[in-house]
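Chemist: Okay, here's the structure, questions in a sec.
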Amino acid sequence: MKNLLIILSLLFLALCYSCDLIKDEDDISGDQSPMGEVGVTVSSSSAEIAGVSNFEATVTELTDGISRYSAIATVTNPLIKNIVANFPGVEVNGDVVSISDMQIQQTKEGIKSISGNGAGVLVKYDSKVGDTYPVDGTSSVRTVVSKTGEDDYSYGFYLIKTIQVEQEPVGLRSGGIVKYTYIANHKYGLVGVKVTFDDQTDVTFPIYTSAIN
């Protein structure tokens, strides 16, 4: 079950589970990020996990600062295919699972999810530890828990500065997930998503984007 939930989180970029447009009073400002431009790709680990591999998301449209993403992955696990097939916007064709119209706003000052359950600001790069961002439609918040200002986070061949934002899961408590931690950098954007379980184990998925701020 834990591997299943991890993969679902990765497949949808840990950002949305449906595609209903929302409005949120907590906005981000700043110039458009190159990371949200049409054609930019996002990927994670190439290793197969629980029958899922080859995950990639692509920006297909940029309108008024909102990027629309499509994502695709190879899924050989029949249980996972049956579950994700019930999500809005998901198509299953053999072992290929895809989703379209995820909506994300990316500027040089932060990242905000525009569509889906749990939409709202993911990170503002100038935030301080203790700052919070509301999660749309819930009483939950995302909380900045770390900002060291040191190049101490391993990312590919580099050590980079990060800001880390925690969020309790929306609608997945029964699956054993305690929290998500979004790991971001002002230059590379979202660089990882850490999933922590109720047995205090955790897994961190690296995120690589083909553009930078």
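Chemist: How high is the FRET efficiency between SER100 and ILE212 when r is their beta carbon distance and R₀ equals 22 Å, given to the nearest 0.05? It would help to have the intermediate numbers written out before the result.
Modeler: Details: r = 25 Å, r/R0 = 1.14.
After rounding, the FRET efficiency stands at 0.30.
Chemist: Counting other beta carbons within 10 Å of each Cβ, put LEU159, LEU122, LEU62 in order, fewest first. Please report the intermediate quantities before stating the final value.
Modeler: Numbers: LEU159 12, LEU122 27, LEU62 17.
Ranking LEU159, LEU122, LEU62 by Cβ neighbours within 10 Å, fewest first, gives LEU159, LEU62, LEU122.
Chemist: Quick check: residue separation of ASN82 and THR60 times 0.36 nm, minus the Cα distance between them. What number comes out in nm? Walk me through the numbers before you get to the answer.
Modeler: Working: separation 22, 0.36 × 22 = 7.92 nm, distance 2.62 nm.
Full extension of this stretch gives 5.3 nm more.
Chemist: How do TYR153, TYR188 rank when sorted from fewest to most other Cβ atoms within 10 Å of their own Cβ?
Modeler: In order of increasing Cβ crowding within 10 Å: TYR153, TYR188.
Chemist: Please arrange ARG142, ARG68 by how many other C-beta atoms lie within 10 Å of their C-beta, fewest to most.
Modeler: Numbers: ARG142 24, ARG68 20.
Sorted ascending by nearby Cβ count, the order is ARG68, ARG142.
Chemist: Still on this structure, I have one more. Which pairs, out of LYS81/LYS147; LYS81/LYS108; LYS81/LYS128; LYS108/LYS179; LYS81/LYS161, put more than 28 Å between their alpha-carbon atoms?
Modeler: LYS81/LYS147; LYS81/LYS108; LYS81/LYS128; LYS81/LYS161
Chemist: Search the structure for amide H atoms under 5 Å from the amide H of VAL40, placed 1.01 Å from N in the peptide plane, and list their residues when 5 or more places away or on another chain.
Modeler: When sequence neighbours closer than 5 places are left aside, the close amide H contacts are VAL59.
Chemist: Would you grab the residues whose amide H sits under 5 Å from the one on LEU122? Only those 5+ places off in sequence or on another chain, please, with H modelled 1.01 Å from N.
Modeler: ILE111, LYS112, SER113
No value in this document is a laboratory result; all are computed from the given coordinates. Please read these numbers as outputs of a predicted model, since none were measured by experiment. Heads up, the Cβs are rebuilt from the backbone with ideal geometry, glycines too, and the neighbour counts pull from every protein chain shown.
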